[in-house]
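What follows is a single structure, written as C-alpha cells, with notes after it.
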Amino acid sequence: MGNTKRLYHRVDEWARNLSRIGYAGLVGVVSVVSVLLVGALFGDSTIIEALTTGFTLAILFYAFNPNQ
C-alpha cells in the first residue's frame with residue numbers, strides 16, 4: 001500500500017507542476033480515453049462524444065485553472 005501511495009503522490013505532484021495548457025491537455029486526453037473505454041465496455045460507438053467531452057473539459061480546465 002505504501003508504494004501505491006507514493007506513486008499516487010508522485011503523479012499528483014507531476015500533474016500539478018504542469019503548465020496551464022499542459023494540465024488542460026492532460027485532462028482532455030484522459031477524458032477522451034476514459035469515455036472511449038467505457039463506450040467500448042458497453043459496446044457503443046462513442047467517438048464523437050469522447051472528442052466532444054475531451055475538448056470541452058480541456059477548455060474548461062484551461063479557462064478556470066483549478067490548480068491556482
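Descriptive notes on the structure:
- Meets criteria (among the β-branched types (Val, Ile, Thr), in a helix (DSSP H, G or I) and more than 16 Å from the chain's Cα centre (by Cα)) for Ile21: no
- Checklist (1) open to solvent by 100 Å² or more (accessible area, probe 1.4 Å); (2) among the polar types (S, T, N, Q); (3) modelled with pLDDT of 95 or more applied to Asn3, failing item: (3)
- Pair list, Cβ < 6 Å and 6+ apart or interchain, from the stretch 3-16 residues that are without any contact (Cβ under 8 Å) to a residue 12 or more places away in the chain to residues that are in a helix (DSSP H, G or I): none
- Number of the exception - Asp44 against (1) free of Cβ contacts under 8 Å to residues at least 12 places away in the same chain; (2) assigned to a helix (DSSP H, G or I): (2)
- Within the stretch 27-64, the only residue that satisfies the criterion of being open to solvent by 90 Å² or more (accessible area, probe 1.4 Å), under 23 Å from Asp12 (Cβ atoms) and of a type in the set (Ser, Thr, Tyr) is Tyr62.
- Odd one out for Asn17, checked against (1) in contact with a Gly (Cβ under 9 Å, 6 or more places away or on another chain); (2) open to solvent by 80 Å² or more (accessible area, probe 1.4 Å): (1)
- The set of residues in the stretch 1-18 that are outside any helix (DSSP H, G or I) and closer than 21 Å to Gln68 by Cβ comprises Asn17, Leu18.
- Qualifying residue in the stretch 9-18 (condition: among the aliphatic types (A, V, I, L, M) and within 17 Å of Leu57 (Cβ to Cβ)): yes
The values are calculated or read from the model by the stated rules, or taken from the named source; none is laboratory data. Only a predicted model underlies this, so the values are computations on that prediction, with no experimental measurement involved. So basically every Cβ, Gly included, is an ideal-geometry build from the backbone, and we count neighbours across all protein chains shown. Protein only, heavy atoms only, side chains kept; ligands, DNA and RNA dropped before computing areas. Shrake-Rupley method; radii C 1.70, N 1.55, O 1.52, S 1.80 Å.
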